[in-house]
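The structure appears right after this line, and notes come after that.
The values are calculated or read from the model by the stated rules, or taken from the named source; none is laboratory data. From a predicted model like this one, the values you see are computed outputs, not experimental measurements. Because the Cβ atoms are built from the backbone with ideal geometry, glycine has one as well, and the counts that use them run over all protein chains shown. Please note that ligands, DNA and RNA were not included when accessible areas were found on the heavy atoms of the full protein model with its side chains. Shrake-Rupley method; radii C 1.70, N 1.55, O 1.52, S 1.80 Å.
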Amino acid sequence: MIATIQPGTVSGEVLAIPSKSHLHRLLICAALADTTTKILCQHTGAEDIKATVACLEALGANIDKLEDGFFVQPIDRDNLPETCVLPCKESGSTFRFMLPVVCALGVTGEFHMEGRLPERPIAPLDRELTAKGITLSKPTATTLKCEGQLQPGVYTLPGDVSSQYISGLLMALPLLDEDSTLEITGDIQSGDYISITLDAQEVFGVRHAYANQTYSILGNVKLAGPAEIIADGDWSNGSFWLACGAMPKGDVVLRGMNPNSLQGDRRMTDILEAIGAHLSWNKSTVAVKEGKRQAVEIDAGPIPDLIPVLSAILAVADGTSIIRNAARLRIKESDRLTTTANTLNALGAKITEMEDGLIIEGVPSLKGGTVDACIDHRIAMTAAVASMACTEPVILTGAEAVNKSYPKLWEDFKLLGKSLEISKEGA
């Protein structure tokens, strides 16, 4: 799919889609509970959420898609399948959460992966699982098979790798017959995502004691959640609209956001104010207007998903910006340090790639041109944000990459006044 995006601004109001981070965790907890749960949210059709739903249904859950959310009838843990196929598609969250859960349930699972997911690392999570009774194998290049029953005990993970490993074990270990501990060594990166996991578990009656970077996890816990729960608005994808508001002549109002959300990407508002954008809040609505864009230094550790769209803003800011501590972006859907720099440079930016970051020398405007999404929704969104500072159209190939998290993005972009055309590649 090719998106031809004309230069020019956007203005207006848009409703935030539900947080993938929150929704993944709520769906998993609801499927592991003893009672039914309705999760209230608007639907986006995100491929990552579809993957988690499909994997939970493969284990025996029944998840109905309603007009206003999902109705989850949980897994019958007394009548589990002996084996199941789990279609993770390209969703790293789905795979890293579901692998420990399937191992804790004692089900033989075949995880089918697509895109770049088979290449993305799972160490040291695989080490911890195999040390506690699990056999892992790769029948094909895109399939990972787990066999055995995960055993309770002492688990250790470094804090500077994916927080999804930690979250996966936090959701899995309460399912075991006896107590366990999970020790986190070193500095903890993306701790906000762990907080989202703990918050979702607490809603379903699961609490972990925590001291000295060690979680004490009770075994044989029965999850019981509320009859209804609301999924948070998505700060990660919502930040796309906030970024548009900070671009030349931007003026965007985003509804449905929780200013007290545990999502780390809520920091987008603080960063935009530091850059110079004008922000105002009214309950769950945040408005962003263009201000004087100035260079900043950003620690990417807590907010890796924001770096591509922030780079688009900083590409047309006054001065030189530096993004540090961003090495983990290299193992996303694309190598996002390289693809962010290449995409924006192709449109006229001046960005130098470092081993773990970017140096962004601001320019007055971008020129436009043809770029590829690199099968990465964040890169597609970055090109779209950049179009607001371009003098010529941005022609984006692989524009369907947004389907991973936000299939309605191009439709909503048009509603805010952006002139763009969607066509099939090769047409």
Exercise. Hey, any idea what Rg/Rh is for segment 148-222, computing Rh the Kirkwood way over Cα pairs?
Worked result: 0.94
For this session: Quote the relative contact order of segment 246-294 in percent (integer), defining contacts as alpha-carbon pairs under 8 Å separated by 6+ residues.
Result: 51
Exercise. Is there a pair in Lys50/Lys408; Lys20/Lys50; Lys50/Lys418; Lys249/Lys367; Lys367/Lys404 whose C-alpha atoms are over 19 Å apart, and which pairs would that be?
Worked result: Lys50/Lys418; Lys367/Lys404
For this session: Ratio to report: Rg/Rh of segment 42-196, with Cα atoms as the point set and Rh obtained by the Kirkwood method; give two decimals.
Result: 0.95
Exercise. Rounded if a/c is under 1.5, else prolate if a/b beats b/c, else oblate: with a ≥ b ≥ c from the C-alpha gyration tensor eigenvalues square-rooted, which is segment 196-254?
Worked result: oblate
Problem set entry | For segment 164-271, with +1 on Lys and Arg beta carbons and -1 on Asp and Glu, the positive-most of Met268, Leu223, Tyr193 along the dipole | Met268
Problem set entry | Scaled radius of gyration (Cα, divided by 2.2 N^0.38 Å) that the chain gives | 0.97
Exercise. If you average the sequence gap of Cα pairs under 8 Å that are 6 or more apart and divide by the length of the chain, what percent do you get for the contact order?
Worked result: 20
For this session: Please report how far the C-alpha centroid of segment 1-21 lies from that of segment 51-72, rounded to the nearest whole angstrom.
Result: 27
Seminar exercise, completed: With all protein chains present, segment 318-427 has a carbon and sulfur share of its accessible area (1.4 Å probe) in percent of 51
Seminar exercise, completed: One would report the Cα pair-distance distribution of segment 1-62, bin width 5 Å, in %, as 3, 13, 21, 19, 13, 9, 7, 6, 5, 2, 0
Exercise. Can you give the percent of C-alpha pairs in segment 278-418 whose distance is more than 23 Å?
Worked result: 33
For this session: Specify the angular offset, from 0 to 90 degrees and rounded to the nearest 10, of the alpha carbon long axis of helix 336-346 from the longest principal axis of the alpha carbons in the chain.
Result: 20
Seminar exercise, completed: the chain, Gaussian network, Cα under 10 Å: of Glu290, Glu57, Glu82, the residue fluctuating most is Glu82
For this session: Please report the base-10 log of the normalised intensity I(q)/I(0) for segment 68-160, using a Debye sum with one equal scatterer per alpha carbon and no solvent, at each q in 0.18, 0.19 (1/Å).
Result: -0.87, -0.95
Exercise. Roughly what % of DSSP beta bridges within segment 1-111 run antiparallel, to the nearest 5?
Worked result: 70
Seminar exercise, completed: So, for the Cα atoms of segment 307-356, Rg and Dmax in Å stand at 10.2, 30
Exercise. Which far-off residues, 5 or more places away or on another chain, put their amide H under 5 Å from the one on Leu15, with H placed in the peptide plane?
Worked result: Arg255
Exercise. Rounded to the nearest whole Å², what accessible area per residue is found for the chain with the 1.4 Å probe?
Worked result: 38
For this session: Mind jotting down the distance between the C-alpha centroids of segment 80-124 and segment 285-311, whole Å?
Result: 33
For this session: For segment 45-114, with all protein chains present and a 1.4 Å probe, just round the carbon and sulfur fraction of the accessible area to a whole percent.
Result: 42
For this session: Excluding residues fewer than 8 places away in the same chain, name every one of the lysines whose C-alpha is closer than 19 Å to that of Lys132.
Result: Lys145
For this session: Run through every distinct alpha carbon pair of segment 107-259 and return the Kirkwood hydrodynamic radius in angstroms, one decimal place.
Result: 18.0
Exercise. Using the scaling law 2.2 N^0.38 Å as the reference, what is the normalised Cα Rg of segment 320-394?
Worked result: 1.04
For this session: About the Cα centre of the chain, how large is the charge dipole given +1 on each Lys and Arg Cβ and -1 on each Asp and Glu Cβ? Please answer in debye to the nearest 20.
Result: 660
For this session: Work out how far the C-alpha atoms of segment 247-323 reach from end to end along every principal axis, then list the three figures in whole Å, largest first.
Result: 34, 29, 16
For this session: Measure off, as a whole percent, the carbon and sulfur share of the 1.4 Å-probe accessible area of segment 188-241, all protein chains present.
Result: 49
